[in-house]
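K.L.:
This is the structure I have questions about; it appears just below.
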Amino acid sequence: MAKVTYQKLFREFERVLLKSGFSPTKASAIAQIFTNNSLDGVYSHGLNRFPVFIDYVRKGWVDKNAEPQLVKSFGVIEQWDGQLGPGMLNAEICMQRAIELAKKNGMGCVALKRTNHWMRGGSYGWQAAEAGCIAINFTNTVAIMPPWGAKEPAIGNNPLIIAVPRKDGHIVLDMAMSQYSYGKMQEAELKHEELGFYGGYDDSGSLSRDPVAIRKTKRSLPVGMWKGSGLAIMLDLLASILSDGQTTGDITQSEGETNISQVFICIDPDLNSNYENIANKILNYTKDAQNIDGDTVYYPGEKTLRTRRQNEKEGIPVDDLMWQKLMDL
């Protein structure tokens, strides 16, 4: 893999976005999000996902000029309409609004309908943590995973993000409902690697570590098997009910993964002045557990911080094929 500087990757994203009709302000903001995702090692929703986003824009599924709008307010809970605008900008705006509500009331919840893919959900957990807030956010998606006991996709791989701010490194869990997200399977496929653990089923119905076979069958393995399946269903329920937006079933019947529903919840941790001591106590206890030989115990987000620092110093790795796709846009 080649490596490029943050600014070089940012400028190439911005170049394509400007040529695709985005305003300079929006082009810069979107380019920054994609670049930050790659900087943090989430290449699946950085460089590797960018051509898909541009394709959605050119198909008219993403409204370049749309702005999210407040629909209803219920005190600490608000409903917003994303107007089918860029999902990552809608998400940033709604998370910022949830932060404002939390700072004012102790807690804030913004439910968003009619939006587009937010790329890396963890971006908005980090956003809240940087603002000093605890965050819980999630989204529904197109059906790309079978419910437990079924052969065909009928539930979304609905990401769940939980973030806790901390001076010595924010704690940020960013997880899909499958053992491996489709983005991570794409990364393995591009590197011609097998998955480290079983990630789903091949066309013969056998558990497989082959990302190509799993992506072909769309039979990814839910985390915790039936438990992950149940959690995916509950996140779809909450996102759709709170936002009054589309369900996974509705989204799947459309042309692409658009018009989705999301929820952004923020809590002001200053309600408990001892919260950081509690967080450190839990992390210290966890990391003191005796390690398996050759393994290390990490808290959620620790590897992200390590990758960010490494990529800032050495450059951001870019897959040759995906880099060429960016150059060709």
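K.L.:
Please go through (1) surrounded by fewer than 18 Cβ atoms within 10 Å (Cβ to Cβ); (2) over 23 Å from S220 (Cα atoms) for E152 and return the number of the only condition it doesn't satisfy.
P.N.:
Tallying (1) surrounded by fewer than 18 Cβ atoms within 10 Å (Cβ to Cβ); (2) over 23 Å from S220 (Cα atoms), E152 fails exactly one: (2).
K.L.:
P147 fails exactly one of the following numbered conditions: (1) more than 17 Å from the chain's Cα centre (by Cα); (2) closer than 30 Å to M225 by Cα; (3) open to solvent by less than 10 Å² (accessible area, probe 1.4 Å). What is the number of that condition?
P.N.:
(3)
K.L.:
Another one. Please pick out the residue among I292, I241 that is surrounded by fewer than 21 Cβ atoms within 10 Å (Cβ to Cβ), aliphatic (A, V, I, L, M) and in a loop (DSSP other than H, G, I, E, B).
P.N.:
Answer to the selection: I292.
K.L.:
Check every one of the strands (runs of 3 or more DSSP E) wholly within segment 96-148 and list those with 1 or more residues that are closer than 24 Å to I214 by Cα and at pLDDT below 95.
P.N.:
In segment 96-148, 143-145 are the strands (runs of 3 or more DSSP E) which contain 1 or more residues that are closer than 24 Å to I214 by Cα and at pLDDT below 95.
K.L.:
Which members of segment 44-83 meet the condition of being of a type in the set (S, T, Y) and modelled with pLDDT of 95 or more?
P.N.:
Those that are of a type in the set (S, T, Y) and modelled with pLDDT of 95 or more: Y56, S73.
K.L.:
Which condition does D168 not pass, out of (1) out of contact with any strand residue (DSSP E or B) (no Cβ under 6 Å at 6 or more places or on another chain); (2) more than 17 Å from L221 (Cβ to Cβ); (3) among the acidic types (D, E); (4) not in a loop (DSSP other than H, G, I, E, B), if it passes all the others?
P.N.:
(4)
K.L.:
Now, a different point. Can S261 be described as in contact (Cβ under 8 Å) with a residue 40 or more places away in the chain, more than 18 Å from V164 (Cα to Cα), in contact with a Lys or Arg (Cβ under 9 Å, 6 or more places away or on another chain) and part of a helix (DSSP H, G or I)?
P.N.:
no
K.L.:
Moving on to the next point. Select from segment 1-34 the residues that are part of a helix (DSSP H, G or I), in contact (Cβ under 8 Å) with a residue 60 or more places away in the chain, within 15 Å of W323 (Cα to Cα) and open to solvent by less than 50 Å² (accessible area, probe 1.4 Å) and list them in ascending order.
P.N.:
Listed by number, the residues that qualify are L9, E12, F13, V16, F34.
K.L.:
Let me ask another. Read through the list (1) under 20 Å from G122 (Cα atoms); (2) open to solvent by less than 10 Å² (accessible area, probe 1.4 Å); (3) of a type outside the set (S, T, Y), then give the number of the only condition that E78 fails.
P.N.:
(1)
The values are calculated or read from the model by the stated rules, or taken from the named source; none is laboratory data. Keep in mind that this is a model prediction, so the values were computed, not measured. Glycine also receives a Cβ, built like all others from the backbone with ideal geometry; neighbour counts cover every protein chain displayed. Note: areas computed on protein heavy atoms with side chains; ligands, DNA, RNA excluded. Shrake-Rupley method; radii C 1.70, N 1.55, O 1.52, S 1.80 Å.
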